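Right, one structure below, let's go through it.
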Amino acid sequence: MKKSSSATLLESMFPAWSKSVAQTAVEHETDLSTGLTQAQVSEKLAKYGPNELELEEKKSLLELIREQFEDILVRILLLAAVVSFVLTFVEEDPEAEGFTAYVEPFVILLILVINALVGIWQESNAENALD
């Protein structure tokens, strides 16, 4: 039974990893024992370009810091710290004086700073791993 043209098209679009070695060799018009000829290599290089990843510019430190505060949960914690600062400032509790009154907002901000530092460290390690 002959395959329909849509079935053939679907097979050609199917990922290469799902095909056999023989099917891949036929699709790429090569012989498994000799490989591509120099003319085929030149033609494919001109058509597809080199087999390289495009290099992206590294992100600046300010951009990495900004990205750490784009997450909605981080913004919620930042808002909670601001509200806590405002409430502590407005509330005149005679028992809580000086720094102890601001412990809660400082702890929230400290957690956000540590989270940002860890995120920047992981992001820069991931970028360096690609180099």
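The slack in the chain from VAL82 to LYS19, taken as 0.36 nm per residue of separation less the alpha-carbon distance, amounts to 17.0 nm.
Residues in region 73-84 carry Karplus couplings, in order, of 5, 5, 5, 5, 5, 4, 5, 4, 5, 5, 4, 5 Hz; the curve used is 6.51 cos²θ - 1.76 cosθ + 1.60 with θ = phi - 60°, and Gly or Pro positions show x. Modelled spin labels at GLU91 and VAL74, positioned 7 Å past Cα toward Cβ, are 2.8 nm from each other. What residues qualify as long-range amide H neighbours of PHE69, i.e. H under 5 Å apart, gap of 5 or more or another chain, H built at 1.01 Å from N? For PHE69, whose amide H was placed from the backbone, there are no distant partners under 5 Å.
Computed from the coordinates by the stated procedures, all read-outs in this text should not be read as laboratory data. Please read all numbers here as calculations on a predicted model, not as lab measurements. Neighbour counts run over all protein chains shown; Cβ positions are idealised from the backbone, glycine included.
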